[in-house]
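See below for the structure under consideration.
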Amino acid sequence: MPAMRWWGWGQDGVSFTHEDKPGLGPFLRKQIELDVTRAPSRPVAFEDLRIPEPSLSPDLRAALESALGGARPSTDPLDRVVHARGKSLRDLVRQRSSDLGRLPDVVVRPRDEDEVAAVLRAALDADAVLIPFGGGSSISGSLEASEQEQRTIVSLDVSRLSRVLAVDEVSRLARIQAGAFGPDLERQLNAQGWTLGHFPDSFTHSTLGGWIATRSSGMQSDRYGDIGDLTRAVRVVTPAGLLVTRPVPHTSTGPSVREMVLGSEGRLGVITEATVHVRRIPASRTILGYLFPTWADGLAAMRDIAASEASASVTRVSDAAETAFSFATRKKPSVLDRIKSAALTTYLQRRRGFDVESMCLSFIGYEGSERHVAAQRKLVGRIVGRHGGLCIGSSPGALYDQKKFDTPYIRDFLLDHGALADVSETAAPWSRLSTVYDTVQAAAHGAYDELGIRGYLMCHLSHSYHAGACLYFTFAFKPTSPEHGLQEYDRVKSAIQQAFIDSGATLSHHHGVGTEHAEWLEADISAPGVAMLNALFDGVDPGANLNPGKIV
Ligand SMILES: Cc1cc2nc3c(=O)[nH]c(=O)nc-3n(C[C@H](O)[C@H](O)[C@H](O)COP(=O)(O)OP(=O)(O)OC[C@H]3O[C@@H](n4cnc5c(N)ncnc54)[C@H](O)[C@@H]3O)c2cc1C
């Protein structure tokens, strides 16, 4: 898997454009006063970056070389820059403006678990810092070292541990190496008729180990579960040796060590392998589009679906602002599409009494046998109908399904044109979701007003559970000046995060803590909770060599 570009998301040659989307330019001009017809700015050239010499003693270099079976550790400047950070908005803004922060001094790519253990031993012996690196898609600052770090920093890239090792067909469990990227992992499983079913938006550029280390969620989590549900056992190279848990369906062995590894963000060791649930590739799979008259109707329908016997694979509903954005990103419609769309609008307004300004777009997915899918569609259709919604067929859902991995490129497009956009996501019980939504709206728009800027805020509900769901907010604005961009971004992002905490929600449903969200951890899990985490990290890693400063 080639590394992502050093200044933005994804691969060279792939980008997002407004040119084939006639509604987007006018939408952005109206909502955030952004003119996308002006020439875009570009990141500084790599050649113009000032890259400090690595700090790597001859002894540590030799020890790493020996740990890697004679292969040379990399001090290549591009390698070091790519491994310095993830892809949060703060990361992208700073990279593009040549603010590189504290780079790792050396990047190593061990080939197996023994080499991982030998690298860790070499790092500990030299009192170096070691930061595990998966796909580098972290959005919460969980990869970057402190500017003050004086010790040598080793970035341990796990991407060479990329194999599906075995599938236990009877137990429906697969042993998979932690460095496997989403597409490669699915390709290997699909070849044997299986799927993991974990599809985060960052799927193309993130790894199994990264998912586990951040407690990730994929868009089909309603059916497959989050990575915490999917992960039955782990193997982790720790300072005290190899940690191995057993792939049993449930165990009563005291506090769960497996759970301690989930979300550990590299602070307990390097995950080398996991045993995960796999399922047969479903015979039938479809995502249908629905429209609801209002956000409250959509929310209530999702809650009722979760409480019903229906087992959808995806439940997602956008608020009116996100619905408007989705419509603005549609490609130029054909004459037939225009006629259909006009007919639908007339029908919605005249026959169903919809106000098109407040209607909400929803996607609900179904998987399984043909019969199961048909039965689920019927069950969900009844619930949707009870809340005033209607099905608009499979084409919008198919388009969403095809395009979902392209959306991460939008942030780079907006940055090229001088706007900042990012996301904050949370989870709360069903009974609190409306309050969380309203509190975030007030907080974000309050921050925009204080800054004197025109900002956009949109939201969708996804990942439904028995007791609640995830709310995923996206915010965007044009800063008053490029120099004030990150300061203004902090103001808005902090207001949203604080609103989560104030309204009884969690600081993050699936992006982890890193450094971006650490400020709200104590409010979320209480002071004794933070003390327990500190004791865990200090006990496992007394020298604070493993990705220090993250989470707490
Ligand atoms: C545009 C975009 C969209 C995203 N969409 C989603 C989404 O839909 N769902 C979701 O859950 N997340 C999403 N994320 C967040 C991110 O993709 C996840 O946090 C992902 O799980 C990180 O995986 P990674 O392999 O890239 O890990 P990295 O970013 O490389 O690392 C993340 C953390 O895990 C640690 N780590 C990585 N590998 C290991 C290992 N083998 N052993 C120990 N520690 C390790 C690192 O040290 C670091 O602390 C998104 C991010 C972006 C930028």
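The values are calculated or read from the model by the stated rules, or taken from the named source; none is laboratory data. Note that the coordinates shown come from a computational prediction; the quantities given were computed from them, not determined experimentally. Note that each Cβ is placed from the backbone with ideal geometry, even for glycine, and that neighbours are counted across all protein chains shown. SASA here: full protein model, heavy atoms, side chains in, ligands and nucleic acids out. Shrake-Rupley method; radii C 1.70, N 1.55, O 1.52, S 1.80 Å.
Restricting attention to the stretch 64-91, and to residues there that are in a helix (DSSP H, G or I) and open to solvent by 40 Å² or more (accessible area, probe 1.4 Å), which single residue is farthest from F203 (Cα to Cα)? Step through it out loud before you land on a result.
Start the filter on the stretch 64-91 by keeping residues that are in a helix (DSSP H, G or I), which leaves 64-67, 77-82, 89-91.
This time we only want the ones that are open to solvent by 40 Å² or more (accessible area, probe 1.4 Å), so: 65-66, 77-78, 90.
On the way: E65: 32, S66: 33, P77: 26, L78: 23, R90: 21 Å.
If we take residues in the stretch 64-91 being in a helix (DSSP H, G or I) and open to solvent by 40 Å² or more (accessible area, probe 1.4 Å), then S66 is farthest from F203 (Cα to Cα).
The residues of the stretch 149-167 that are more than 22 Å from F199 (Cβ to Cβ) and in contact (Cβ under 8 Å) with a residue 12 or more places away in the chain, listed by number, are E149, R151, T152, I153, V154, S155, L156, D157, R160. Say whether the condition of being open to solvent by less than 10 Å² (accessible area, probe 1.4 Å) and either touching a strand residue (DSSP E or B) at 6+ places or on another chain (Cβ under 9 Å) or closer than 28 Å to A123 by Cβ (or both) is met by at least one residue in the stretch 241-258. Checked the stretch 241-258: no residue is open to solvent by less than 10 Å² (accessible area, probe 1.4 Å) and either touching a strand residue (DSSP E or B) at 6+ places or on another chain (Cβ under 9 Å) or closer than 28 Å to A123 by Cβ (or both).
Please enumerate the residues belonging to the stretch 142-156 that are of a type outside the set (K, R), more than 6 Å from the ligand (Cβ to nearest atom) and open to solvent by 10 Å² or more (accessible area, probe 1.4 Å).
Here is the first cut: in the stretch 142-156, the ones of a type outside the set (K, R) are 142-150, 152-156.
Retained after the next criterion (residues that are more than 6 Å from the ligand (Cβ to nearest atom)): 144-150, 152-156.
Within the stretch 142-156, E144, A145, S146, E147, Q148, E149, Q150, T152 meet the criteria.
Condition first: within 12 Å of the ligand (Cβ to nearest atom) and within 15 Å of G179 (Cα to Cα). Can you find one or more residues in the stretch 120-129 that meet it? Within the stretch 120-129, none of the residues are within 12 Å of the ligand (Cβ to nearest atom) and within 15 Å of G179 (Cα to Cα). From the list R223, R187, R232, the one residue that fits, being more than 9 Å from the ligand (Cβ to nearest atom), outside any loop (DSSP other than H, G, I, E, B) and in contact (Cβ under 8 Å) with a residue 60 or more places away in the chain, is R223. The single condition among (1) open to solvent by 10 Å² or more (accessible area, probe 1.4 Å); (2) under 23 Å from S202 (Cα atoms); (3) touching a Ser or Thr at 6+ places or on another chain (Cβ under 7 Å) that D502 does not meet is (2).
Scan the stretch 512-552 for residues that are touching a helix residue (DSSP H, G or I) at 6+ places or on another chain (Cβ under 7 Å) and either within 16 Å of the ligand (Cβ to nearest atom) or modelled with pLDDT under 95 (or both) and jot them down. Of everything in the stretch 512-552, those that are touching a helix residue (DSSP H, G or I) at 6+ places or on another chain (Cβ under 7 Å) and either within 16 Å of the ligand (Cβ to nearest atom) or modelled with pLDDT under 95 (or both) turn out to be G512, V513, H517, L521, L536, N545, I551, V552.
Just to confirm my filter: which strands (runs of 3 or more DSSP E) fall fully inside the stretch 350-459 and include at least 1 residues that are open to solvent by less than 20 Å² (accessible area, probe 1.4 Å) and within 16 Å of the ligand (Cβ to nearest atom)?
Working: elements: 360-368, 390-393, 420-429.
Once the strands (runs of 3 or more DSSP E) in the stretch 350-459 are filtered for at least 1 residues that are open to solvent by less than 20 Å² (accessible area, probe 1.4 Å) and within 16 Å of the ligand (Cβ to nearest atom), what remains is 360-368, 420-429.
Among the numbered conditions (1) within 16 Å of the ligand (Cβ to nearest atom); (2) open to solvent by 20 Å² or more (accessible area, probe 1.4 Å); (3) not hydroxyl-bearing (S, T, Y), the only one that H463 does not meet is (2).
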